[in-house]
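The values are calculated or read from the model by the stated rules, or taken from the named source; none is laboratory data. If you're wondering where the values come from, they're calculated on a predicted model, not measured in any experiment. A quick note on method: Cβ atoms are made from the backbone with ideal geometry, for glycine too, and the neighbour counts reach across all protein chains shown.
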Amino acid sequence: MTGALKALAVQLLRRRLPFTSAEMSNLISALLQIPPTVWPRTIPWQHTFPLGSLVRQVEGLVKEQDLSPELRPAIEGLVSALNENYAEERQVIRRLSALLTESPELVAPGEPWSDALLHAWSQMPPGPRSHWQRLFQHALTANSRQPSARWLKNARELLQPPISPQDFAQALCTWLAPLPKRAARPMPDSSASLLKGLVWIASLVENPDLAHTLGDAALACFQKIPEVGARAQKAGNACIYALSAMPGQTAVSELSRLQHKLRYAAPVIW
C-alpha cells in the first residue's frame, strides 16, 4: 500500500494540478509516513522521487494562497526529513525554509544597499514578497566564478509575473543607488554573496539604467581599502561579467568606462 502511495504521488507531482493547502499538506504528510523499508532514507530523494516537482508545487501554492496554518507543519516535517549531506536536498531545504520565514534573513542589515532591499521587501504584499524571496534564495546559490547555463535558465524562470525583467531592473537600480562610492570597511560576506547573485540575474535584462547602475556598483566594489584590498571583489567581478553578457550598447559603454577607471584590477577582470 505504501509503495502504491509513493507511485501515485510521483504521478500526481509530475502534473500541474490545482492542489489546495489541505491536499498538499495531506500528500506531504502521507509521504513522510512511508516506512524506510519501502523508501530508504539513505538514498537521495531525487534518485527515486521528483523532489523538484514537489517543491515547485509547494512554492506555487504558497505564492497563490500564502502559507496556511495547515501547510506549515507539513513543510517543516519535510525540511526535517531531508538530508543536508546531498547538494540538491540542501537547496530544497533552503527554498522550503524561505517559505517558512517571516523575513528574508538572507543578508545582514548595515549596508545602505541591503537596508534598502530589506525595507522594500518588508513593504511588499505576501504574494510578490514570496516570489522575491525565491529569487533571493536563487541569487545566494551563485557560488562559482561564472553562472552556468542551468543557473541562468532557473534565474530566467523567476523573472516572470509578479516580477518582470523590467520590474527587477527598476528594483535593483533603486536598491543599489545608496551604495557608497567610498567605504571604510569591506562589504560583509552575506551582502557580497547576495549582490553577486542579483548581479548575475541582471545580466539577463537589457536596461540602460541598470547597466549604468552596475557600472557604478563595480567601481564601489573594487574600491581599495588600505591593508584589505578590494571592498567586495567577487561582487565587482560579477558586475563585470553581467555587463559583458548583458545585451545593449549601454553595457558596452560601461565596460569601456570601467576599463579606464579600474586599471589596477586588470589582471582580475579583463
Near pairs, Cβ below 8 angstrom, 6+ apart or cross-chain, from segment 174-202 (aromatic (Phe, Trp, Tyr)) to any residue that is outside any helix (DSSP H, G or I) and at pLDDT 85 or above: TRP200/ALA142; TRP200/PRO147
Helices (runs of 4 or more DSSP H) contained entirely in segment 151-270, each with at least 1 residues that are in contact with a helix residue (DSSP H, G or I) (Cβ under 8 Å, 6 or more places away or on another chain) and crowded, with 23+ Cβ neighbours inside 10 Å: 165-176, 189-202, 208-221, 233-245, 249-261
First in segment 213-228 and closer than 18 Å to ASP189 by Cα, second anywhere and of a type in the set (Val, Ile, Thr) and in a helix (DSSP H, G or I), Cβ under 8 Å, 6 or more apart: ALA217/VAL199; ALA218/ILE240
Test: ILE225 is out of contact with any His (no Cβ under 6 Å at 6 or more places or on another chain) and closer than 22 Å to LEU152 by Cβ: no
Leading residue by the ranking (nearest to VAL58 (Cα to Cα)) among those in segment 99-128 that are at pLDDT 75 or above and buried (at least 20 other Cβ atoms within 10 Å of the Cβ): LEU99
Test: residue in segment 121-138 that is in a loop (DSSP other than H, G, I, E, B), farther than 24 Å from GLU64 by Cβ and in contact with a helix residue (DSSP H, G or I) (Cβ under 8 Å, 6 or more places away or on another chain): no
Failed item in (1) of a type outside the set (Asp, Glu); (2) at pLDDT 80 or above; (3) more than 20 Å from the chain's Cα centre (by Cα), with PRO69 passing the rest: (2)
Test: residue in segment 63-84 that is closer than 22 Å to ALA142 by Cβ, in a helix (DSSP H, G or I) and of a type in the set (A, V, I, L, M): no
In segment 129-150, the residues that are loosely packed, with under 13 Cβ neighbours inside 10 Å and hydrophobic (A, V, I, L, M, F, W, C): ALA149
